[in-house]
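Read-outs: derived from the displayed coordinates by stated rules, not from any lab. This one's a predicted model, so the numbers in the text were calculated from it and none came from an experiment. All Cβ positions, glycine included, derive from the backbone under ideal geometry; neighbour counts span all protein chains shown.
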Amino acid sequence: MVMATIVTYGALHPRHMADFHVMRDAAREILQGRSGGFVYPPPAAFLLIPFTLIPYTVAAAIWTVLIFASVPLTLRVLGVRDWRCHVLTLLAASTLAVVGSGSLSAFLALGTALLWRFRDRRIVAGLLVGAVVVAKIYLWPLLLWLVAIKRARTAAFGFATAAGLAFAGWAITGFAGLTHYPHRVSSVAALEQGQSYSPVALALSLGASARLGQLVAVSAGVVLLVAAFRVARRADGERRSLALAIAATFAFSPISWLHYFVLLAVPIALTSPGPALLWFVPVAFWALPMKSGGELWRIALAGVITAAIIAVASKRPDRPTATSG
C-alpha cells in the first residue's frame with residue numbers, strides 16, 4: 001500500500017509518466033495537423049486530446065484515476081467479485097508500473113476482457129479487437145484467436161476496423177510522418193529491445209544476435225498460436241486458447257516492459273474467478289524494475305512467471321470452468 005501511494009504521488013510529477021507525456025504531446029501535434037515523432041498510429045493518441053486542454057497535473061490525476069478504475073472493471077467483466085483478488089491485482093507491480101509510466105496497458109487489458117465477454121457479438125467484438133490492435137499492434141494475435149474459436153467473420157471485421165482506424169488517423173493529420181513511420185518504429189525497437197523483457201532481450205542477454213533473437217521469438221509465437229488453434233476445439237477451448245494467444249503477444253513483441261504484464265490478469269481471472277494460489281504468482285514481479293537493463297536473471301524471471309501463469313491457464317480443466325460471457 002505504501003508503494004502504491006508513492007507510485008501514485010510520483011506519477012503526478014511532470015517528469016514521470018513517460019508514456020502519458022508522449023501520447024499527450026502526440027495529441028497536441030494531431031490538433032496542429034502534425035504527427036512527427038509518435039511511435040504508434042495516430043488513433044492511439046486520440047484519447048488524449050481532451051487532456052491537452054487542461055493543466056498537466058489535473059490531466060495526470062484524471063489519467064491515474066482512469067488507470068486504477070480500469071483494473072477492477074477488467075476483473076468484474078470477467079466475473080471476479082472477491083475483494084482479495086481485486087486488491088492483489090491493484091497492488092501488483094505490473095499495475096503500478098502502468099501508473100508509473102502512464103501507459104495504455106491497463107486499458108488494453110480491459111479491452112481484452114470485454115472482447116472475451118462479447119466474443120459472440122460480431123459488431124461489438126470486431127470494434128473492440130480493432131481498437132485494441134490499432135492501439136498496440138503487438139496484440140494482433142487476438143485476431144487469430146477469434147479465428148481459432150470459429151469467429152472468422154468477427155476477426156475479419158476487427159481487422160477492417162483496425163485498418164480503418166489507422167487510415168482515418170493518418171488522414172486527419174494529412175498523412176504527416178507516414179513515410180518515416182516504419183523506420184521510426186524499427187529504430188526504437190532496435191534501440192530499446194535489449195532493455196526489455198522480450199524473447200529478443202533474452203537472446204541478447206545470452207550473447208546471441210538480435211536477428212537470432214527475433215527468429216526465436218517468432219518461432220515461439222508461431223508455436224503458441226498453433227497450440228491456441230489446437231486447444232480451441234477441445235474442452236474449455238475458448239478460454240485456454242485465449243491464454244495461449246495472450247502468451248503469443250508477448251512472444252512476438254520485440255519490446256515488453258513491466259507494465260505489459262498487467263494483461264496476465266485476464267487469463268488469471270478466467271482460470272480462477274475466486275481466491276486461488278494463481279493470484280499470488282504475479283507478486284514475483286515485484287522483484288523486477290520497469291526495464292530489465294539487459295540483466296539475464298531479470299528477463300528469465302519475467303519469462304518464468306509468465307510461463308507459469310499461461311501453463312496453468314491453458315491446461316485441460318480438471319473440473320468444469322465457467323467460460324460463458
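So D120 fits all but one of (1) crowded, with 22+ Cβ neighbours inside 10 Å; (2) more than 21 Å from L258 (Cα to Cα); (3) in contact (Cβ under 8 Å) with a residue 40 or more places away in the chain; what number is the exception?
Single failed check for D120: (1).
Of all residues in region 233-251, which are of a type in the set (G, A, S), closer than 19 Å to L78 by Cβ and crowded, with 22+ Cβ neighbours inside 10 Å?
Our first condition is that a residue be of a type in the set (G, A, S); within region 233-251, this holds for 235, 237, 241, 243, 245, 247-248, 251.
From what's left, closer than 19 Å to L78 by Cβ: 237, 241, 243, 245, 247.
Those that are of a type in the set (G, A, S), closer than 19 Å to L78 by Cβ and crowded, with 22+ Cβ neighbours inside 10 Å: S241, A243, A245, A247.
For region 50-67, give me each residue that is surrounded by 15 or more Cβ atoms within 10 Å (Cβ to Cβ) and free of Cβ contacts under 8 Å to residues at least 40 places away in the same chain.
Just the residues of region 50-67 that are surrounded by 15 or more Cβ atoms within 10 Å (Cβ to Cβ), to begin with: 51-52, 56, 59-61, 63-64, 67.
F51, T52, A59, listed by residue number.
Having 3 or more residues that are aromatic (F, W, Y) is the bar; report the helices (runs of 4 or more DSSP H) wholly within region 32-137 that clear it. Give the derivation first.
Values: elements: 43-46, 56-77, 83-90, 93-101, 105-117, 122-135.
Hits in region 32-137: 56-77.
Considering T154, T161, which residue is of a type in the set (V, I, T), touching a Lys or Arg at 6+ places or on another chain (Cβ under 7 Å) and part of a helix (DSSP H, G or I)?
Numbers: T161 fails: touching a Lys or Arg at 6+ places or on another chain (Cβ under 7 Å).
One residue alone meets the criteria, T154.
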